[in-house]
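**Q** One structure is given below, represented as structure tokens, and several questions about it will come after.
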Amino acid sequence: MNRVRLLVMNAALGPLDYRVPDGMSLEPGSVVVAPLGPRQVTGIVWESERLPGTEVPDARLRPLLGALPVPPLRAPLRRLIEWTADYYIASMASVARMALSSSAALRGGGTITEYRLTGALPPRMTPQRDAALSALEGEQGTIRELADLAGVSEAVLRGLVNADCLEAVEVAIDRPFPAPRPDHAPPDLSPGQQEAADRFVDAVKARKFAPMLLDGVTGSGKTETYFEGVAEALRLGRQVLVLLPEIALTQNFLKRFEARFGVAPTVWHSAQKQSDRRRAWRQVSEGGASVVVGARSALFLPFRDLGLIVVDEAHEISFKQDDGVRYNARDVAVMRARFERIPAILASATPALESLQMAEAGVYEKIDLPARFGGAVLPDIRILDLREESPPRGRWLAPSLVKAMEERLERGEQSLLFLNRRGYAPLTLCRQCGYRFQCPNCSAWLVEHRLTRRLACHHCGHQVTSPEACPECGEKDCLAACGPGVERIADEVAEIFPDARTAVVTSDTLSSPDKIGEFVDAAQAGEIDVIVGTQLVTKGYHFPELTLVGVVDADLGLEGGDLRAAERSYQQIAQVAGRAGRAAKPGEVLIQTRHPEAPVIAALAAYDRDAFYEAESDARRNAGAPPFGRWAAIIVSSEDEAEAAEAARKIGGSAPRLDDIAVYGPAPAPLSMLRGRYRYRLLINARRSAALQQTIREWLGPLDHPQGVRVGVDIDPYSFV
Ligand SMILES: [Zn+2]
Ligand SMILES: [Zn+2]
């Protein structure tokens, strides 16, 4: 091969051809550096028949500058990049950039110097040297690590190096991760779990594409079950990817994984240090990371030999990325499994309607775990009709809920109050003049956070210190908080039960893995009586003394811009209800609502998941909504309002007229201003059989807009704000 076609990491450029200098050996997937005008650009060698471009005569080709020291991206990952770009109407460069997500890793790893004992004794022995020599038997590490280990100063160890008692060893900086042991601590499975586990083991052995839906109530032991599939992949020497919806769940997962396999898995998420990401990326590509647990971006890692993908809490909305490439990691995970020819397990207690539909159609194999593990029974669910039993003025907890909490406090058990709203109050206004605090960059109210004495926008991050006087009329002591957030509920608990130990659990209070770990330890040790939390507490945790769950406002989820609001509400409340009574003690769930007759609430009360899914399916079928039809959204934005409106009108005006695709809008988006940009939206509803992506490409492709206008396409959207 003396010429190659490159997919270059610049979305504005098409494929480019280059000459391969003599002596450079490349194959499809090789990552290279190429000249681009006076600059350099990273590119991936691609099959030219799959990446059409204009032919450039040999004589005009510029030579590549070099190949990067990483293994070529394998064909299944290249196919996944093509598919994702095509399906979500994104550029291949922006998808490929997610695969090359650690620029440090691409530059290659270095080496560091470590030291170990030679066996020689120093000519002059001191008590410190003596202590170091015995502490470092069989150890190897940097001087600093060894000094920590031996409890001596680094100077003592340098003296031992000079005396030839310690010798230097050069080791690669990005070492392989310790290998998980498939037979470290095999679990005791119930017969139902064993049957599911056997199915996963067989599927991993078969080395075939097999999408599977693991459907089990909370507490049924889904994790233990799919761990057996993980163990089988490890026995075969293959790699495993486990996707979790949020980093907050990772700590708990790591503990369970380590108990089962002896060592922790490799972690991948965007908040990691550069050096940790580099090591993880390199070892994933070289096979020295056997099991990766990560956020959605782990989906595009360059695995050397992937044998199984698990998507845990597969119904979670956070698998959907809402900026950049707007992909759904759950769906892309199934596609990756297809290209890799391996099984994919989607695990959930409340599967997405889309996944259930695929199971019903026979596309996914459905595996059920109906019973709670260890004989624990499902909690009792009671509806509190707030129209009949309302909380006292200025309070949010109804008397029956307070009474139930009181009983728990007397018995030394724990209560959990769930309200999916961060901060103290969602709106602050002036009682004198009616002024409302609004974000200057977004059409959204500022949320009061009393713990940090700030008003904050939850959309763009804008913050101001809570003022003492109204900025409009200047009155002091006139600002009123409207509605509750978790902090306000915690205040109410403190007023009613001054001695109760309360923890507020939100992304504000649990902002790091360490803080999450501290909270979990305290809760498990019985040092917390009442947990007040957002959706962060709805899953993953297992607190044996937690016997009461109070849902403060079950109607909240039905508001807002979620296209699947009823389903999301059902999932969230069912998940949080599942926290109650997970061990020997039975649990109770109290749901506060003003709409006890709503299908979501009625189904929760009756434990009738099937009835809810049936009613929701009927509604979606009638509306042509997913999974029976398809949606897409077009978002037009600009800093100039008139420009945004004009571009949206132009797009609306040239909408295709087809029998199987309907276009609604443009209209100002519910969040009509976001981060200083004015926004308009169009919603597209298509029959399943329609050529949705192709139609949108042909529609939007020829349209020109002013430079400041951005047009984003969201295929299978979740949020409609
Ligand atoms: Zn005022
Ligand atoms: Zn804002």
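**Q** Out of (1) of a type outside the set (A, V, I, L, M); (2) modelled with pLDDT under 90; (3) open to solvent by less than 50 Å² (accessible area, probe 1.4 Å), what's the single condition that is false for HIS459?
**A** Checking HIS459 against (1) of a type outside the set (A, V, I, L, M); (2) modelled with pLDDT under 90; (3) open to solvent by less than 50 Å² (accessible area, probe 1.4 Å), the one that fails is (3).
Residues are listed down the side, and each one gets a yes or a no for (1) in contact (Cβ under 8 Å) with a residue 60 or more places away in the chain; (2) in contact with a Leu (Cβ under 8 Å, 6 or more places away or on another chain); (3) within 16 Å of ligand 2 (Cβ to nearest atom):
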{"residue": "ARG454", "(1), (2), (3)": "no, no, yes"}
{"residue": "GLY474", "(1), (2), (3)": "no, no, no"}
{"residue": "LEU479", "(1), (2), (3)": "no, yes, no"}
{"residue": "PRO484", "(1), (2), (3)": "yes, yes, no"}
{"residue": "PHE497", "(1), (2), (3)": "yes, yes, no"}
{"residue": "ALA500", "(1), (2), (3)": "yes, yes, no"}
{"residue": "SER511", "(1), (2), (3)": "no, no, no"}
{"residue": "ILE516", "(1), (2), (3)": "yes, yes, no"}
{"residue": "GLN535", "(1), (2), (3)": "yes, no, no"}
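**Q** I've got another one for you. Filter region 560-613 down to the residues that are out of contact with any strand residue (DSSP E or B) (no Cβ under 7 Å at 6 or more places or on another chain) and among the acidic types (Asp, Glu) and list them by number.
**A** Passing the criteria: GLU567, GLU597, ASP608, ASP610.
**Q** Show me the strands (runs of 3 or more DSSP E) found entirely inside region 413-475 where at least 1 residues are hydroxyl-bearing (Ser, Thr, Tyr).
**A** Of the strands (runs of 3 or more DSSP E) lying wholly inside region 413-475, those with at least 1 residues that are hydroxyl-bearing (Ser, Thr, Tyr) span 414-418, 427-430, 463-465.
**Q** Then there is this: Taking the options ARG488, ARG450, name whichever one is in contact (Cβ under 8 Å) with a residue 24 or more places away in the chain, among the charged types (D, E, K, R) and open to solvent by less than 60 Å² (accessible area, probe 1.4 Å).
**A** ARG488
**Q** Which of the residues that make up region 422-447 are open to solvent by 60 Å² or more (accessible area, probe 1.4 Å) and away from ligand 1 (no atom under 16 Å from the Cβ)?
**A** ARG422, PRO440
**Q** Now for a different question. Is it the case that some residue within region 390-411 is open to solvent by less than 60 Å² (accessible area, probe 1.4 Å), touching a helix residue (DSSP H, G or I) at 6+ places or on another chain (Cβ under 9 Å) and of a type in the set (D, E, K, R)?
**A** No: region 390-411 contains no residue that is open to solvent by less than 60 Å² (accessible area, probe 1.4 Å), touching a helix residue (DSSP H, G or I) at 6+ places or on another chain (Cβ under 9 Å) and of a type in the set (D, E, K, R).
**Q** Can ILE247 be described as farther than 25 Å from ALA75 by Cα and among the β-branched types (Val, Ile, Thr)? Walk me through it before giving the result.
**A** Working: farther than 25 Å from ALA75 by Cα: yes; among the β-branched types (Val, Ile, Thr): yes.
The answer is yes for ILE247.
**Q** Inside region 289-347, can you point out the residues that are on the phi > 0 side of the Ramachandran plot and at pLDDT 95 or above? Walk me through it before giving the result.
**A** Kept after step one, since they are on the phi > 0 side of the Ramachandran plot, are these residues of region 289-347: 313, 324, 341.
Within region 289-347, ARG341 is the sole residue that qualifies.
**Q** Right, another one. Go through region 10-29 and report how many residues are modelled with pLDDT of 95 or more and within 25 Å of GLY324 (Cβ to Cβ).
**A** The total comes to 1.
**Q** Hey, ALA580 hits all of (1) surrounded by 16 or more Cβ atoms within 10 Å (Cβ to Cβ); (2) under 29 Å from the mean Cα position of the chain (by Cα); (3) in a helix (DSSP H, G or I) but one; which does it fall short on?
**A** (3)
The values are calculated or read from the model by the stated rules, or taken from the named source; none is laboratory data. In this text, all values refer to a predicted model and were calculated from it rather than measured experimentally. Neighbour counts are summed over all protein chains in view; Cβ atoms, including those assigned to glycine, are modelled from backbone coordinates with ideal geometry. Areas reflect the complete protein model, heavy atoms only, side chains present, ligands, DNA and RNA absent. Shrake-Rupley method; radii C 1.70, N 1.55, O 1.52, S 1.80 Å.
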